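These notes are about the structure you will find just below.
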Amino acid sequence: MDLSNLSFCDSSGLGALIGIRKQMIAAGRPLALVGVHGMVARTLHRTGLDKILLCYLTAADAEHALADIHA
C-alpha cells in the first residue's frame with residue numbers, strides 16, 4: 001500500500017490499517033506499507049504499529065524484502 005502522498009493519519013486511519021492487516025493475514029498475504037514518512041511515520045512509531053506493520057521506503061524495497069521472506 002503506497003502511503004507516500006499521505007501526510008496525516010488519525011485513529012480512524014490506524015484502525016483501518018489494522019483491519020486491512022488482519023484481512024491480509026487471513027488471506028495468507030502480507031501487507032507492506034511503502035513511502036511512509038513524516039507525521040505518519042512518527043504516528044506509527046509512537047503507537048508501536050511500526051513493529052507489526054511492514055514499512056518500506058519504496059515499492060522495490062518491499063518487493064525485495066517480501067521475496068526474501070517467501071523464498
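Highest GNM mean-square fluctuation, the chain, Cα pairs closer than 10 Å: which of Ala16, Ala32, Ala41?
Evaluated over the chain, the most mobile residue of the options is Ala16.
Which whole-number percent is the relative contact order of the chain (Cα, under 8 Å, 6+ apart)?
Relative contact order here is 35 percent.
Could you tell me the distance between the Cα centroids of the stretch 33-63 and the stretch 5-28, to the nearest Å?
That distance is 11 Å.
Largest first and in whole Å, give the semi-axes of the chain's equivalent ellipsoid, each being the square root of 5 times a Cα gyration tensor eigenvalue.
The equivalent ellipsoid of the chain has semi-axes of 20, 15, 10 Å.
Values quoted throughout were computed directly from the atomic coordinates according to the rules given, and no laboratory measurement underlies them. Being a predicted model, the structure only gives us computed values, none of them experimental.
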